[in-house]
Structures are given as C-alpha cells and as structure tokens.
Amino acid sequence: MSHSDEAPRMSHSDESPRANRPVRIPARLRTALHPALPARLRGHGRDRGQASIEFLGFLPILLLVALAVIQLGLAAYAVQQAGTGARAAARTASMDRADRETDPQTAGRAAMSGWVADRATISVGGGGDEVRATARVRIPSLIPGVDFGSASRSATMSQGVRAPGALGAPAQPPRTATGAPGALAQPPRTATGAPPR
C-alpha cells in the first residue's frame with residue numbers, strides 16, 4: 001500500500017492492538033482523492049496497446065520467414081521438375097528412332113508442369129550404349145530483381161534395351177515353374193482339362 005492509503009496513527013495509551021493498524025480507504029474514495037490518472041490508464045488496459053505495438057514490430061520478421069519458406073518450396077519444386085524432365089527425355093532418347101513418337105526435348109518438356117517447362121532447356125547426348133539427358137530449369141523468384149539461378153538434373157539410360165512387349169521388342173520366352181526361361185510353367189492339358197498321361 002502507498003503512504004497515502006494509510007490513516008495517521010494515534011498514540012493513546014489506552015488503545016487496543018486494533019487501533020495500531022492502518023485504516024484502509026475504499027478504491028472509489030481513493031480515486032476521488034487522487035484523480036491524477038484517468039481510469040483507462042490505471043488498470044491493465046494499457047498492456048493491450050503495448051502488445052499490439054510489439055506484434056507490429058514482429059510482423060515483418062514473420063513475413064520474411066514466410067517468404068523464405070515459399071521461395072525454398074519453389075526451388076525444391078524446380079529441382080524435382082528438372083529430374084522428371086531429364087528422365088522423360090532420356091527414356092525417349094533411348095528408344096529406336098522408328099519407335100519414337102516425339103523428340104526427347106519435347107518429351108522432357110511434356111513431362112514437366114507448364115510454367116516450369118517454359119523456362120527449361122533440355123540437352124541430350126551420349127555415346128555407345130548409354131544416352132544422357134540433362135534438364136536445366138530456372139528457379140522462379142518471388143522477389144523482383146533477385147535471381148536464384150537454375151536447377152539442373154541429369155538422367156542416364158541404356159540405349160536399345162527395351163521392355164518386353166514394347167514396340168520392336170521380342171516377346172518374352174515362356175518360363176518354367178522355377179522362373180527360368182525354357183520349358184512351360186505348367187504341363188499342357190488335353191481338351192477335357194486333364195494333364196496328358
């Protein structure tokens with residue numbers, strides 16, 4: 001309690017112990033006696049304004065962190081799309097020219113998202129039995145005037161090896177019960193469905 005809340009003490013010799021205690025003044029009388037501060041500034045209400053100012057000071061930091069997270073996501077997406085385009089281009093380049101429906105660069109761009117494919121460059125090369133395709137994609141920037149460079153991914157595939165059943169590929173030979181090529185997996189059956197004797 002402040003000094004102004006106490007009543008003056010009396011010094012009578014016949015006082016009881018209760019008389020030595022300070023007298024409490026009710027809050028509404030204290031306000032009437034000390035009207036120096038308005039009611040809105042006397043309580044906890046002024047803390048709300050301070051919290052708002054602190055939040056406004058922290059808001060730019062939150063926005064920068066959110067912007068950095070979104071930019072990182074865009075960069076990761078560009079890297080993933082470059083890998084997808086490189087694999088599609090290498091797969092197409094590994095096929096025989098007669099079996100290709102399109103050229104490898106077009107196949108690589110078709111495998112990417114539209115806005116990423118517009119910024120992509122795909123190169124195909126290789127020698128011997130392997131084909132190597134490299135896709136380079138510009139990383140989009142949320143901040144005007146800032147360049148984050150490009151993402152590059154490569155894929156290598158064997159040339160001339162085709163999956164069974166693909167155009168121009170030989171049919172797969174029948175397999176035995178153990179899975180080795182050669183004999184049939186099940187013995188031939190007669191017209192009635194019973195195995196021959």
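The values are calculated or read from the model by the stated rules, or taken from the named source; none is laboratory data. Keep in mind that this is a model prediction, so the values were computed, not measured. Glycine also receives a Cβ, built like all others from the backbone with ideal geometry; neighbour counts cover every protein chain displayed. Accessible surface is based on the protein model in full, side chains and every heavy atom, while ligands, DNA and RNA are left aside. Shrake-Rupley method; radii C 1.70, N 1.55, O 1.52, S 1.80 Å.
Among the residues of the range 118-139 satisfying the criterion of being at pLDDT below 90 and closer than 30 Å to residue 66 by Cα, which is most open to solvent (accessible area, probe 1.4 Å)?
118
Has the range 59-71 got at least one residue that is touching a residue at least 24 places away in the same chain (Cβ under 8 Å) and buried (at least 19 other Cβ atoms within 10 Å of the Cβ)?
No, that holds for no residue.
How many residues does the range 119-144 hold that are under 17 Å from residue 75 (Cβ atoms) and without any contact (Cβ under 8 Å) to a residue 12 or more places away in the chain?
Number satisfying all stated conditions: 1.
Which condition number in (1) open to solvent by less than 80 Å² (accessible area, probe 1.4 Å); (2) closer than 23 Å to residue 158 by Cβ; (3) in a helix (DSSP H, G or I) is the one that residue 91 fails?
Single failed check for residue 91: (1).
Select from the range 98-134 the residues that are out of contact with any strand residue (DSSP E or B) (no Cβ under 8 Å at 6 or more places or on another chain) and of a type in the set (D, E, K, R) and list them in ascending order.
Selection gives 99, 100, 101, 103, 118.
Please go through the range 97-132 and pick out each residue that is over 28 Å from the mean Cα position of the chain (by Cα) and part of a loop (DSSP other than H, G, I, E, B).
Selection gives 97, 98, 99, 100, 101, 102, 103, 126, 127, 128, 129.
Counting only residues that are among the aliphatic types (A, V, I, L, M) and within 21 Å of residue 144 (Cβ to Cβ), how many does the range 77-118 have?
Of the residues in the range 77-118, 2 are among the aliphatic types (A, V, I, L, M) and within 21 Å of residue 144 (Cβ to Cβ).
Among the residues of the range 145-156, which ones are within 18 Å of residue 72 (Cβ to Cβ) and among the aliphatic types (A, V, I, L, M)?
Scanning the range 145-156 gives 146, 151.
Of the conditions (1) surrounded by fewer than 16 Cβ atoms within 10 Å (Cβ to Cβ); (2) within 17 Å of residue 89 (Cβ to Cβ); (3) modelled with pLDDT under 90, residue 176 satisfies every one except a single condition; which number is it?
Result: residue 176 fails condition (2) only.
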